1. Which of the residues that make up the stretch 292-310 are open to solvent by 10 Å² or more (accessible area, probe 1.4 Å) and touching a Phe, Trp or Tyr at 6+ places or on another chain (Cβ under 9 Å)?
2. Step by step: first the residues of the stretch 43-80, then only those that are part of a loop (DSSP other than H, G, I, E, B) and open to solvent by 50 Å² or more (accessible area, probe 1.4 Å), then the one that is farthest from LYS145 (Cα to Cα). Which residue is that?
3. Quick one: how many residues across the stretch 311-352 are open to solvent by 20 Å² or more (accessible area, probe 1.4 Å) and either of a type in the set (D, E, K, R) or not in a helix (DSSP H, G or I) (or both)?
4. What number of residues in the stretch 464-518 are of a type in the set (Gly, Ala, Ser) and modelled with pLDDT of 95 or more?
5. With the requirement that a residue be in a helix (DSSP H, G or I), open to solvent by 10 Å² or more (accessible area, probe 1.4 Å) and farther than 15 Å from LEU184 by Cβ, what does the stretch 224-255 give you?
6. With of a type in the set (Val, Ile, Thr) and free of Cβ contacts under 8 Å to residues at least 24 places away in the same chain as the only criterion, which of ILE665, ILE669 stands out?
7. Pick out the one residue from ARG112, ARG125 that is modelled with pLDDT of 95 or more, of a type in the set (Lys, Arg), open to solvent by less than 20 Å² (accessible area, probe 1.4 Å) and within 22 Å of GLY84 (Cβ to Cβ).
8. Would you call ILE299 free of Cβ contacts under 8 Å to residues at least 12 places away in the same chain and part of a helix (DSSP H, G or I)?
Amino acid sequence: MTEDNANQLEELVKQLKQLHISEFDHAVLSNLPNLISGLESCKNIICDNTTTIDEKEKAWSQVVETVELLANAAKSDHPRDSLGASGAFELIVAFMNLNVNNRPRVDYQCLRALANFCITHDVNRQKFIDIGGIDVALNCLKQKKDLETIRASSATLLNAGLNYNNVNVGIVNKDGLNILAEILDPEHVLKKYDDETARTCVYFATRVIINLIGTAEGKREIGKTKIITSLVQLLKYSSREDAVDDDVDILENVVEILETVALESDEVQQILVRDELFTYLLDFLEFSKPPLNCEQRIIKSYGSCKAAVLKVIVSTAMSDSNMEPLFGDDVILQRFLQWLNSGPERDDLQMCSALSLGNLARSDTHCTKLVHQFKIGEPLANVLKTSDNIKVQHAVISVLKNISLPVENKAIIGSLGIIGLSAPLLEKDTVQPVELGVVGILKHLSSSQNNISNSVKIILGEDPADTETPTPLSRLLSLIKRTDEIPVRSEGTRVLVNLVKNLWSELPDTESGGISMKTLRQKLNKLEIVEPLVVMVIESKYPILQNEGIIALTILSMDDTAKTGESNITLDFLTSKKEKTPAVVEEQSNEESTTAASSSSAPPSQSSSPQILNLLNAITDIILNEKNTYPDEIRSNACMFLEKASKASSGHQKQYLRQNVPPVIEPLIKNIEQNPLNNRLEADIKKVLKSLD
């Protein structure tokens, strides 16, 4: 560049800078060829080994002034097309690569220009990739020359990658996550500078990472980098006691990243535990507070951040790989147990604890230790007594369902009043998962025939003398009747199966709590118990459930001591076609009536035609097994039901069975050569026929 050329470029830049903003963009575009030509001349001087140091420095100065001018012009939309096509991109990247002597103003203005060129301009973004823009921006970040350069580098990557994943994938592929991790680490930027510019640098870097994890490559690679550790350290720093409002903006981004990747990636969940980062998440949830005298917006944001971190904690505890390490960490386990006792004022801690413990209680060994060694039952029962937060109640019900499964735990859980405390939640029709969870608890606690006391509590309640409070059984029967949810109805009916099997496993005169089995049996041999069993046999799509219903009906059909009158209700169903009892719409509390319209368990329309229950058809269909659906064991159980029912029947009921059963099942014996039966099933069919002679 001659002195005249230098003076001309300098004068042109000076003139353009003095223009009013309304004229600036047009003037820059009109003079763009001269500006690019001037930059080319500057590049030649810088690369020419024969030019003096002073000439080179003047050229660098001209580069800074001219590129700043182009960066300012690119703030507006319409100049970006011309700027991108002018050759400016290539020159700017070349200048950054030539800036080996670390001139901060050169990098800063060049990065500003690249950032502005790429705003909402996909053509320029692709050019940014093609000419090595990602490399120069990442290189500046890696060197951490100064705050302004770090901020400009982050802003460039942010603008270039916003809604343009080609850039984001390029950043990931060039180890950008590890480079950004260095910026996020509080030791490298925030603690070193601790000012507004430093916070802006880190804020931009977190936004870049949000862009990166929007790609499959970013999500895949993030667990292989240092980024998770840096994020958790940044979470800790940005929520410290002396944090300021600007720290919260960073905190929001950090939590968004952690929530996005931790909920989906088992690899990230393992890192949180393996690298001892999990405790920092617990600390944030328990102890962090918004900055003093902050705006309401920030207080609300803190609440959202805590809710997101709670999800991360619970998801991390759900990882199969983390179940043993977390359960084996007494400090963490005791902390969860303490959180259960934190009271309704910290229902976030109670919910997090219960959900996490529920995730850790996925093996019999863990469940047994939680109940016997860590005495988890008592605090869980206390939460049900004191909390009216449905989310907390749901979490507690979930862990109780898990720990009620091992045989060793059933008596202890039942002795803590859990049956009575959880039963009112069977009326939470607007929260069907809670109802299903309570049904699961009742099913598990009643599934052992060695523990009659739990069955008695389900039938009579915790206090048999209390005749005003609805019993768990009455609440369960009401739910079975009104719900349209098949899982709730099926699992609820399985509780009835357990109750029947348990009470008939004892002698009639045996007592539990001063009440004889005969008296308790009479409470089960009623229409409201038998009908759901009949419905399960007829309607269920699952043979195992039909089989359970058959077994319970067999027991009820053959025991005269359980009769409440002259008729046998089970035989009545078997020997006639009955209408299904319609559901009754019960009065709801004020709290629930407002949401009843959206209830998943709303009763069916009363205007529909009555449903006819034909139990005998269902039983003979199982025996015939024309669709090859039923194992021989279930077919044999169906035969046993008919045999026992036949022996217990008399009069018109016996006659009904004689008229309707043999014509259906006799062909199985007559055509045995064409359709071979196993020996037991053949014998069982013959027993049925003999009982009807």
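1. CYS294, LYS306
2. If we take residues in the stretch 43-80 being part of a loop (DSSP other than H, G, I, E, B) and open to solvent by 50 Å² or more (accessible area, probe 1.4 Å), then HIS78 is farthest from LYS145 (Cα to Cα).
3. 13
4. Residues that pass the stated criteria total 4.
5. Those that are in a helix (DSSP H, G or I), open to solvent by 10 Å² or more (accessible area, probe 1.4 Å) and farther than 15 Å from LEU184 by Cβ: LYS224, ASP245, ASP246.
6. ILE669
7. Checking each option against the conditions leaves just ARG125.
8. So ILE299 fits the description; yes.
The values are calculated or read from the model by the stated rules, or taken from the named source; none is laboratory data. Remember, predicted model here, so these are calculated numbers, not experimental data. Quick reminder, even Gly has a Cβ in these numbers, built from the backbone with ideal geometry, and neighbours come from all protein chains shown. Heavy atoms of the whole protein, side chains included, go into the accessibility calculation; ligands, DNA and RNA do not. Shrake-Rupley method; radii C 1.70, N 1.55, O 1.52, S 1.80 Å.
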